[in-house]
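Q: Handing you a structure now.
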Amino acid sequence: MSDSFASKPTSRRAFLGGSAAAAVAAGTGAARAAGPDPLITEVQDWAAGLGQGVDATPYGLPIRFEDDVIRRNVEWLTADTISSINFTPIHALDGTITPQGCAFERHHSGAIELRKEDYRLMINGLVETPLVFTYEDLTRFPRETHVYFCECAANSGMEWAGAQLNGAQFTHGMIHNMEYTGVPLRTILAEAGYKGEGKWVYVEGADASSNGRSIPMEKALDDVLVAFKANGEALRKEHGYPVRLVVPGWEGNLWIKWLRRVEVMDAPVESREETSKYTDTLADGTSRKWTWEMDAKSVVTSPSPQSPIPHGPGPLVITGLAWSGRGAITRVDVSKDGGRTWETARLARPGEARALTRFYLDTEWDGSEMLLQSRAMDETGYVQPSKAALREVRGENSIYHNNGIQTWWVRESGEAENVEVS
């Protein structure tokens, strides 16, 4: 490249065109020599015969070339996969909607098989008329459809004391974002005639653990859904088929799967899942309770340890996800130097309340090392904190609700590693 060419500002199109020409001349990339590219000039197998018919896969499956885009489990995290978690491959996805087949799982006693015909939902406690609904009963109520994220309270929990797991899938993959369809819980409670002294609902599932949790009546009457569809189709078994609870913006442990009972009560139950678990232990050993909402958070998904930069210097798209349980994301900033300077990223679309927002930073990479970070802001004015700022308040004894800023160290090779810069 001549000095005169290098000194001229170039567009992305011009750069990419120049890169392709350079690859041909240097014998790199798809073109190994200056001659014709056989992938263009020669008839390939896929164009020389007939492909599969329309009935080859009655339920469509991902093509085999994408078989690495899967949920993954961390073997040492729990004693057994029956009560464990796997992680959404957020590093390999784009947009915001998570395919059900990629959406993370968290089970306390394993995923159960429950037929729609065998499904029952009981509403009891402080109600005028205790009721039991079948699956078909629920489908006769007016329904709503909304897009919400579901995040495990322990997402990023292993990072409290420092960088641990090397991949966005493992540090931030306890999250999914799907379009849920169902009946507002307030509709069902009204059908049973909930009483004024009922200030809480206790919800539990049909699996062996039941995973019972208490929810304030104010939230139950607001945006909670009794959902039976996700992304337009039936829920998957691992996501609570045939019916689950959706509690927008609040920690995933409240999103009871295989929902079987809603009891209206005058006080919380304070069950195992809201006392010994899912409370936030502080530095002095005391624990916060009722920390349901998921604070604003973000992560760069590419480049990242599982999604390195595959090319040399030049145009680079930095992308990631941001979300807040308190409302819509309004802005995301990206830093390439560990938080010393920030650039405002482009949101793929205006943020939606309690749903994932995709951000992009279209930039030029000079081939030098980067310390990539992202910082989210939501419509309440909340700004995602650094890990150091979070620890000043919370210490390092916690597991849940870690929404500190994540750092990826991107090397000159384009490979990335989980590090901490606070």
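Q: Projected onto the charge dipole of the chain (+1 at Lys/Arg Cβ, -1 at Asp/Glu Cβ, origin at the Cα centre), which of Leu185, Thr286, Met174 gives the Cα projection farthest towards the positive end?
A: So the residue furthest toward the plus end is Leu185.
Q: Roughly how many Å is it from the Cα centre of segment 135-187 to that of segment 364-422, as a whole number?
A: So the two Cα centres are separated by 22 Å.
Q: Based on the alpha-carbon set only, what is the convex hull volume of the chain divided per residue, in Å³?
A: So the per-residue hull volume is 170 Å³.
Q: At 1.4 Å probe size, with no ligands or nucleic acids counted, give the accessible surface of Asp223 in Å², nearest ten.
A: Rounded to the nearest 10, the figure is 30 Å².
Q: Further question: In sequence order, what are the phi-derived ³J(HN,Hα) couplings for segment 252-263 according to the Karplus relation 6.51 cos²θ - 1.76 cosθ + 1.60 with θ = phi - 60°, rounded to whole Hz, with x for glycine and proline?
A: x, 4, 7, 7, 4, 8, 6, 3, 10, 8, 10, 10
Q: Around Ser287, which amide H atoms from residues at least 5 apart in sequence, or from another chain, sit under 5 Å from its own amide H, with H modelled in the peptide plane?
A: Here the answer is Leu282, since their amide H atoms fall under 5 Å of that of Ser287.
Q: Right, another one. State to the nearest 20 debye the size of the charge dipole of the chain about its Cα centre, where the only charges are +1 on K and R beta carbons and -1 on D and E beta carbons.
A: So the dipole magnitude of the chain works out to roughly 440 debye.
Q: For segment 336-415, what is the accessible area per residue in Å² when the probe is 1.4 Å?
A: On a per-residue basis, 47 Å².
Q: For Gly249, enumerate residues with amide H under 5 Å from its amide H, sequence gap 5+ or separate chain, H modeled in the peptide plane.
A: Under 5 Å from the amide H of Gly249 lie the amide H atoms of Phe149, each far enough along the sequence or on another chain.
Q: Please compute the contact order of the chain in relative form: average sequence separation of alpha-carbon pairs under 8 Å and at least six residues apart, divided by the residue count, as a percent.
A: It comes to 15 percent, rounded to a whole number.
Q: Leaving ligands, DNA and RNA out of it, report the carbon-plus-sulfur percent of the accessible area of the chain at a 1.4 Å probe.
A: C and S atoms contribute 52 percent here.
Q: Which one of Pro350, Ala416, Ala48 has its Cα pushed farthest toward the positive end of the charge dipole of the chain, where Lys and Arg give +1 and Asp and Glu give -1 at the Cβ?
A: Towards the positive end, the residue furthest out is Pro350.
Q: Further question on the same structure: Which whole-number percent gives the relative contact order of segment 113-226, counting Cα pairs below 8 Å spaced six or more residues apart? Spell out each step's value before the answer.
A: Working: 142 pairs, mean separation 28.8, N = 114.
Contact order relative to length: 25 percent.
Q: Output ³J(HN,Hα) for segment 128-136: one whole-Hz value per residue in order, computed from phi by the Karplus curve 6.51 cos²θ - 1.76 cosθ + 1.60 with θ = phi - 60°, and x for Gly and Pro.
A: Once rounded to whole Hz, the list reads 5, 9, x, 10, 10, 10, 8, 4, 5.
Q: Could you pull out the chymotrypsin sites (Phe, Trp or Tyr not before Pro) across segment 45-105 that fall in loop regions by DSSP (anything but H, G, I, E, B) with no more than 15 other Cβ atoms inside 10 Å?
A: Loop-located and lightly packed - Tyr59.
Q: Follow-up question, since we're still on this one. Considering only DSSP states other than H, G, I, E and B, which trypsin sites (Lys or Arg not before Pro) in segment 372-422 qualify as loop sites with at most 16 other Cβ atoms within 10 Å?
A: Filter output for segment 372-422: Arg411.
Q: From the phi of every residue in segment 160-177, what ³J(HN,Hα) in whole Hz does the Karplus formula 6.51 cos²θ - 1.76 cosθ + 1.60 yield, where θ is phi - 60° and glycine or proline is x?
A: Using θ = phi - 60°, the values come out as 4, 8, x, 5, 10, 9, 9, x, 4, 4, 8, 7, 9, x, 7, 8, 9, 9 Hz.
Q: Got the relative contact order for segment 269-422 handy, in percent, Cα pairs under 8 Å and 6 or more residues apart?
A: In percent, rounded to a whole number, it is 29.
The values are calculated or read from the model by the stated rules, or taken from the named source; none is laboratory data. Please read all numbers here as calculations on a predicted model, not as lab measurements. Because the Cβ atoms are built from the backbone with ideal geometry, glycine has one as well, and the counts that use them run over all protein chains shown. Calculation scope for accessible area: heavy atoms of the full protein, side chains included, ligands and nucleic acids excluded. Shrake-Rupley method; radii C 1.70, N 1.55, O 1.52, S 1.80 Å.
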